[in-house]
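The values are calculated or read from the model by the stated rules, or taken from the named source; none is laboratory data. Small disclaimer: the values here were computed from a predicted structure and weren't measured. We place every Cβ from the backbone using ideal geometry, glycine too, and count neighbours over all the protein chains shown.
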Amino acid sequence: MLPMLVTLRLPAAILAAAVLTGCAATGSAGGPKPVPSEALTLKADGSVPWVDEPIDSVYTAPAAPTVAEGSKPCTSAQLTGRLDKWWKPSGEAVLGGRLLGELVVTNGSGAGCVLQGEAGVRLFSAGAEVLVDHASSVNDEAKRKAVPVPAGGTATMRVDWSGPFCGTARPPYELRVTLPHEGGELRAPIGPRDHPACSRNPESPDRPSSHLSASVFDTTVAPDPAAGVRSPLWALTAAATGPQQARPGARITYTVTLANPTAEPVTLLPCPGYLQEISSSAGGAVNGSSYRLYRLNCRPATAVPAHSGLRFEMVATVPETATAGGSVQISWKLQTAQSLPSEHLVGLLTIPVV
């Protein structure tokens, strides 16, 4: 069984923070670190080497929100919350589909506060908890991040609801969030009435195979004016290829090719970002997922030649929760501060797990 290859045009930028310039340093909020010397030259096969260079975002960072020193953890009495929109990733082989949303919480009190640590998130309908499985891929670094929420300010949380959902609970739905540091329970209505479709797993028909997961809270970033400017990367296309099989917890290498069909070179400076999303599934149900934004290593090749392409080495780690007989899906999405074509998915790899 060969990995599936999907080729689409590049996506619109969907995340926010600094436009990065390709200097010889890596790192994000923790500060820059030296780039290995091998990252500065092409590999023997002509491809661009991968650099482990996570970043916070690709937009110019506005002034970061601040609160007074010694501000206390946020409580449910200070915050209100709401999830106003779901979007559906395309090209994923998940029974019932998957919904991604952003919960926005607002500090309506007169005092700033801080959100730090993992929050418990449950789904409710008509006052009763909806039976779903809960999954978490929050790492220790994310749990340590402190997010200041000034008076009148906001913070966000990514919520992921994957199918199949065969429950009888009907909309409207509500999220109940147990805030970290004994901050109490925040009730946040979900505006849209969507839910994943039902497609029962014949191997475990009585098990609630629908999964709900959530990130830690993050800082809300205002839109960058550059988002209205057409990116110079607009004309490029991208495709991903990878190995024929993978093992749980293993580190795998795959390749993304950026192709330039035009008669002029397309510059990659400043080096753009890319969003790598990894999920594993078995029997059509997701059993592990993670995502992270990185800077593309364009130091050894700063432009895509006319009527040609560049191959970029990529590295991903298969979730430990992946199971033999299932599959791992890797989606790769280019990110820039400027406008890109509306398709979000650039390349999707589906790799059997053995």
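Going through 71, 28 one at a time, which residue ends up being at pLDDT 85 or above, outside any strand (DSSP E or B) and either assigned by TED's automatic domain parsing to the domain that holds residue 181 or over 25 Å from residue 241 (Cβ atoms) (or both)?
Unique residue meeting the criteria: 71.
Using the structure shown, decide if residue 311 is among the charged types (D, E, K, R), over 22 Å from the mean Cα position of the chain (by Cα) and part of a strand (DSSP E or B). Before the answer, list the steps.
Values: among the charged types (D, E, K, R): yes; over 22 Å from the mean Cα position of the chain (by Cα): yes; part of a strand (DSSP E or B): yes.
Here the answer is yes, as residue 311 does meet what is asked.
Among the residues of region 307-333 satisfying the criterion of being farther than 20 Å from residue 295 by Cβ and among the β-branched types (Val, Ile, Thr), which is surrounded by the most Cβ atoms within 10 Å (Cβ to Cβ)?
328
Name the single residue, out of those in region 159-188 being polar (S, T, N, Q) and under 25 Å from the mean Cα position of the chain (by Cα), that is nearest to residue 146 (Cα to Cα). Can you show your working first?
First, the residues of region 159-188 that are polar (S, T, N, Q): 162, 168, 178.
Okay, now just the ones that are also under 25 Å from the mean Cα position of the chain (by Cα), so 162, 178.
Values: 162: 28, 178: 17 Å.
Looking at the filtered set, the residue picked out is 178.
Could you tell me which of the residues 282, 303, 322, 246 is more than 23 Å from residue 235 (Cβ to Cβ), among the hydrophobic types (A, V, I, L, M, F, W, C) and modelled with pLDDT of 95 or more? Lay out the reasoning, then the answer.
Details: 282 fails: modelled with pLDDT of 95 or more; 303 fails: more than 23 Å from residue 235 (Cβ to Cβ); 322 fails: modelled with pLDDT of 95 or more.
Exactly one of 282, 303, 322, 246 is more than 23 Å from residue 235 (Cβ to Cβ), among the hydrophobic types (A, V, I, L, M, F, W, C) and modelled with pLDDT of 95 or more, namely 246.
Among the strands (runs of 3 or more DSSP E) confined wholly to region 95-177, which include 2 or more residues that are over 22 Å from residue 221 (Cβ atoms)?
In region 95-177, 98-107, 120-125, 154-162 are the strands (runs of 3 or more DSSP E) which contain 2 or more residues that are over 22 Å from residue 221 (Cβ atoms).
Out of 138, 132, 121, 105, report the one residue that is out of contact with any His (no Cβ under 6 Å at 6 or more places or on another chain) and over 30 Å from residue 351 (Cβ atoms).
105
The conditions are (1) within 30 Å of residue 64 (Cα to Cα); (2) at pLDDT below 95, and residue 294 fails exactly one of them. Which is it?
Residue 294 satisfies every listed condition except (2).
Identify, please: which residue in region 257-306 is over 19 Å from residue 340 (Cα atoms) and of a type in the set (Lys, Arg) and is, among those, surrounded by the most Cβ atoms within 10 Å (Cβ to Cβ)?
Of everything passing the filter in region 257-306, 299 is surrounded by the most Cβ atoms within 10 Å (Cβ to Cβ).
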